[in-house]
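Chemist: Before I ask anything, let me first share the structure, which is written out below as structure tokens.
Derivation of every value follows stated rules applied to the coordinates shown; laboratory data play no part. Quick caveat: nothing in here was measured; it's all calculated off a predicted structure. Cβ coordinates were reconstructed from backbone atoms using ideal geometry, including for glycine residues, and neighbour counts include every protein chain displayed.
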Amino acid sequence: MASILDIHEICMYFGGVHAVEKLSTYLDEGEILGIIGPNGSGKTTLVNVLTGIYLPQSGEVIYDGKNIIGMKPHEISKLGISRTFQNLRLFNSMTSLQNVITAAFKETQSSMLASMMNIKSYRDEEKRLEEKAREILEFVGLSGKTDEIAQGMAYGEQKRLEFARVIASNARICILDEPAAGLNSVEANDMMKMIQRIRKEKRISIILIDHNMDFIMSTVDRIVVMNYGSKIAEGSPSAIQKNKEVIRVYLG
Amino acid sequence: MEKLKLAFTKNQKLLTLIFLLCIAVFPLVVHNKLVLRAVVTIMIYCLLTLGNMVITGYCGLLHIGHAAFYGVGAYTSAILSSYYGIPFIYCFLAAGITTAAAGFLISLPCLRVDVDFLSLITLAFAQFFVAVCNNWMSVTRGPLGIKDIPFASLFGYEFNTQIKFYYLIFIVLIIVYYLLSNLMKSKTGRALIAIRDDEISAKTLCVDVNKYKVLAFVIGSLLAGFAGSMMAHYLRFIGPTAFTVDASLLIMQMCILGGLGSLPGAILGAAFFIIMPEIIRPLAIYRVGLGGVIMLLVMLVRPQGILGSRAFAGKGGIFANRFKGHFRKTKLEQS
Amino acid sequence: MNAELTYFLRQLINGLSIGSMYAIVAVGYSMVYSILYLINFAHGDLYIFGTFIAMSLINMGFPLIGGIFLACIMGAIIAMSIERTVYRPIREANRIVPMISALGAALVLRTVAQLIWGPEMLTFPPLIKASNIQIGELYISKQSLLSLIVAGICVLSFTLLLKFTKIGKATQCVIQDLTISRLMGIPINIIVPAVYALGGFFGVIGGVMMSSYYNVISIEMGLWGTMKAWAASQLGGVGSFYGAFLGGILLGLAETFAGAYIHTGYKDAVGYVLIVIILLFKPVGLFGKKKTVKV
């Protein structure tokens, strides 16, 4: 299976802090890649580099034959890479339904003129978007909460909404930054099942970042372990579990 | 309270129609010149508040130079018609285009910078504009302003009475409101709100933030330009004093009271602030302060204004929670 | 000395004097902004209010220094009350909300001032007798010198406060990082009002200097003053008081020279436009530190 994403020697420095140091890895099509590491190991920074929010000092990321380093976030998103945020970045004043509809931004075709004149093709598209959004909300278990304001929802629900948005964006690669953080074991389990289902149903490739070892081990196909910005190990979950360096970093 | 809200949303279309009909027959029933003038002024200001609402209410960009856009439109229309005798319809369109161009240019530097710096840029533009109006004697006649501006006219038909102009601005406002309302409910509106609520998140969902910020300014300034043209051909006189920073602040207050992020709020806010000084005539000099008290009350009790978006609600202001608790108690007692 | 050089030097001195007054109010403004990143629309109206109080006290026969000092204290108190009632409850909302609230407070202050002192411009008593010091063919008014000296003293005392007092050091921490300071037990709810109070105190000094220089005081100077302070501190850079001070001086110089060599009508506008242009090249301001947003 071909690599859908190739990450070559990314170096991201903030002044004297080497947040990501010569990191290389790849993502196969259809696989779930887990990235783990202690706090401050550079996982989220890496995600920010991949999604165009930070510009690295050096390195390349090849997607679809193109180097996406240097592209703006919305351009990268247009190519088909979406993400969730560790600390949740929902559109707080919108309802969950509106959040998901907005997330399908890339798919929305109607021109400004069409929307101003309220012509049939525009109305039809809006209806389709709404239906699709309702389907997605049902998938993540939020069908009863479509008209609730995002800000007022419970934390677990917000996490699911963030995930729903990524689904709505119709991406080929989804980067999930700590999707299970702060969830109890039941919610985390549900989240894990949703992630696996979506990978199968929509055949998307996923990069998953988390702290929770159990969560990662049972969800991903392959793991990259980071520490102080560098990759210290890479392999299958069972291999990583036995890796001495990883054990030292996490337990030592 | 909830029952009222529910009844309103169910019959929204009917109520809106009734409201529009009332406004439409108003001048046939009420002949008081002052009242008519007030309503016309409200309608012109609605164009201004709608524009400001797009920029500040929907896109979240604090814009304190809107009166300058108003002025660009007014002066463009006045100059073209007074000095060059160009027919009104072209002046009106030119006013819109010129102002939209100004809005476009102002928005460009705003893209690179912090939110607060953006406000400073709009302020700088506003100050610069007033200075130009006051000093470019050859074109704007400075503080004297431009007078004897021709009436608005379409294909020879002159809008030279209150009632005729009333219907002109009414129709313009309805068209503008309809188009804008549709636009804000669509992908464009969603993009602006997304930028307001969380710019970074919007970027990762494929929203070209820069493009939409520029668009917000262009739409807002276009409407202000139209408003300027209408005002110029209504009062038939314009001067720099109508376009100062204080004027921008008044427009902002209208939007705040009506509720940031709501188009009906823009209408409500404009109506309130035009009617208010008429009601408190004897206390006219305290209009500014009353505006301030209203601002404070809004911020302390209901920061999102009367009809505004929850994005501006915060924790509800210091007194709101006390009142909320009271209502909740009585509800429980009832059930 | 030829006439042109004299003219230039005269404008230079004027620019520095006006600039130093802007500097004082800019520093007061910058203090609050650097912590909370909120545009304090009430700053100008606040210190003008204090300046009105100073005027009344002096006219009533209070000794000069005492009257001004008392007015400054009142300015500080009003500033703290604004913080408590207007800013604190709504810090959580969208950024615009507290700024609008401050706007409301500014308008209220303006009206109360109008109620007490009437809507017209009034004469402000000069602080020192109008007389000049002569250096060669150059006449420097004592008033100008006074502005410069007072500004210098303000900045010096301010620096001393910040560096050598406990509360000053705590303020420095808060400016660096509000959240961490709170986590480390620094009493934010004491520091922030204190900073507001200090801003109000210095603001009134600046206001008094300005009114004395122009011999006039009017409510209109409130909004005008807020905008100057804001522009100057943006120019100087967020988080840097010396920046705000320098920004004020530069603004004063830019305006004076623009007024002298281009056109008096464009004085105010040019100042702002210049600042915007400079900031476009260096968005964080001359001495500002870039605020990193955690994604």
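Chemist: Assign unit charges at the C-beta atoms only (+1 for Lys and Arg, -1 for Asp and Glu), then state the dipole size of chain B relative to its Cα centre in Debye, rounded to the nearest 20.
Modeler: 1020 debye
Chemist: Within the set of other residues whose C-beta is less than 13 Å from the C-beta of A:Ala2, count the net charge using Lys and Arg as +1 and Asp and Glu as -1.
Modeler: Working: positive: A:Arg172; negative: A:Asp6, A:Asp28, A:Glu29, A:Glu31, A:Asp64.
Cβ neighbours under 13 Å give a net charge of -4.
Chemist: Quick one, could you list the DSSP H helices from chain C stretching 20 Å or more along their long axis (Cα atoms) with average Kyte-Doolittle hydropathy of -1.0 or above?
Modeler: Working: long enough: C:3-36 (48 Å, 1.07); C:43-59 (24 Å, 0.98); C:64-82 (27 Å, 2.48); C:96-117 (31 Å, 1.73); C:142-164 (32 Å, 1.70); C:188-214 (38 Å, 1.44); C:221-236 (22 Å, 0.31); C:241-261 (30 Å, 1.26); C:267-281 (22 Å, 2.20).
Helices passing the filter in chain C: C:3-36, C:43-59, C:64-82, C:96-117, C:142-164, C:188-214, C:221-236, C:241-261, C:267-281.
Chemist: Too long at a 29 Å Cα-Cα cut-off: which of B:Lys147/B:Lys213; A:Lys145/B:Lys13; A:Lys43/A:Lys244; A:Lys159/B:Lys187?
Modeler: B:Lys147/B:Lys213
Chemist: On to the next question. Tell me the volume per residue, in Å³, of the convex hull enclosing the alpha carbons of region B:80-174.
Modeler: 138 Å³
Chemist: Shielding of B:180-190 by partners, i.e. mean partner chain Cβ atoms within 10 Å per residue? Don't skip to the end; give the middle numbers.
Modeler: Details: counts 1, 2, 8, 6, 2, 3, 11, 16, 6, 2, 11.
Per residue, the number of nearby Cβ atoms from other chains is 6 on average.
Chemist: How far, in degrees from 0 to 90, does helix B:115-135 lean away from the longest principal axis of the Cα atoms of chain B, to the nearest 10?
Modeler: Taking Cα atoms only, the helix is inclined about 30 degrees.
Chemist: Let me ask you something else. Toward the positive end of the charge dipole of region C:24-219, about the Cα centre and with charges on Cβ (Lys, Arg +1; Asp, Glu -1), which of C:Ile190, C:Ser211, C:Ser157 goes farthest?
Modeler: Ranked along the dipole, the leading option is C:Ile190.
Chemist: Here is a follow-up. Considering only the protein assembly as shown, what is the antiparallel percent among its DSSP beta bridges, to the nearest 5?
Modeler: Rounded to the nearest five, the antiparallel share is 65 percent.
Chemist: I would also like to ask the following. Can you compute the modelled spin-label distance between B:Ile18 and A:Glu21, with each label point 7 Å from Cα toward Cβ, in nm?
Modeler: Here the modelled spin labels are 7.3 nm apart.
Chemist: Also, quick follow-up: Ignore the peptide's own chain and count Cβ atoms of other chains within 10 Å of each Cβ in B:113-122; give me the average, rounded.
Modeler: For peptide B:113-122, the averaged partner shielding equals 6.
Chemist: Please give the direction-averaged projected area of the C-alpha convex hull for region B:199-282, in square nanometres with one decimal.
Modeler: So the Cα hull casts an average projection of 7.5 nm².
Chemist: Okay, moving on. Where Rh is the Kirkwood radius over the Cα pairs of region A:1-88, the temperature 4 °C and the viscosity 1.567 mPa s, what D in µm²/s does Stokes-Einstein return?
Modeler: 96 µm²/s
Chemist: Continuing with this model, one more query. Give me the net charge of A:Ile232's neighbourhood, meaning all other residues with Cβ under 10 Å from the Cβ of A:Ile232; Lys, Arg count +1, Asp, Glu -1.
Modeler: Every neighbour counted, the sum reads 0.
Chemist: Can you tell me the 0 to 90 degree angle between the C-alpha axis of helix B:12-29 and the longest principal axis of chain B, rounded to 10?
Modeler: For B:12-29 against chain B, the angle is about 40 degrees.
Chemist: With only alpha-carbon atoms in the gyration tensor, what are the semi-axes of the equivalent ellipsoid for region A:89-170, in Å, largest first?
Modeler: Working from the Cα gyration tensor, I get semi-axes of 24, 12, 11 Å.
Chemist: What's log10 of I(q)/I(0) for region A:30-166 at q = 0.09, 0.22 Å⁻¹, Debye sum over Cα points only, no solvent?
Modeler: -0.35, -1.30
Chemist: Shifting gears a bit: Hey, any idea what Rg/Rh is for chain A, computing Rh the Kirkwood way over Cα pairs?
Modeler: Rg/Rh: 0.99.
Chemist: Rounded to the nearest 0.05, what FRET efficiency do C:Ile188 and B:Phe26 give with R0 = 56 Å and r taken as the Cβ-Cβ distance? Could you check?
Modeler: After rounding to 0.05, the efficiency reads 0.55.
Chemist: Just the projected area, averaged over all directions, of the convex hull on the alpha carbon atoms of region C:24-219: how many nm²?
Modeler: 12.5 nm²
Chemist: Would you mind computing the Rg to Rh ratio of the protein assembly as shown from its alpha-carbon coordinates, Kirkwood style for Rh? Provide the component values of the computation, followed by the final result.
Modeler: Details: Rg = 29.8 Å, Rh = 29.9 Å.
Ratio value, two decimals: 1.00.
Chemist: Explain nothing, just the number: dipole magnitude of region C:24-219 about its Cα centre with +1 on each Lys and Arg Cβ and -1 on each Asp and Glu Cβ, in debye rounded to the nearest 20.
Modeler: 420 debye
Chemist: Once R0 is set to 56 Å, what does the formula 1/(1 + (r/R0)^6) return for the Cβ-Cβ distance between B:Ile279 and A:Ile232, expressed as a FRET efficiency to the nearest 0.05?
Modeler: 0.15
Chemist: A further question on this structure: What does the extension gain come out to for B:Thr9 and B:Leu34, with contour length at 0.36 nm per residue minus their alpha carbon separation? Please report the intermediate quantities before stating the final value.
Modeler: Values: separation 25, 0.36 × 25 = 9.00 nm, distance 3.35 nm.
The span from B:Thr9 to B:Leu34 would gain 5.6 nm if fully extended.
Chemist: Past the 26 angstrom mark, what percentage of all C-alpha to C-alpha distances in region B:31-334 do you count?
Modeler: 46 percent
Chemist: Mind checking the angle between helix B:33-52 and chain B's longest principal axis? C-alpha axes, 0 to 90 degrees, to the nearest 10.
Modeler: 70 degrees
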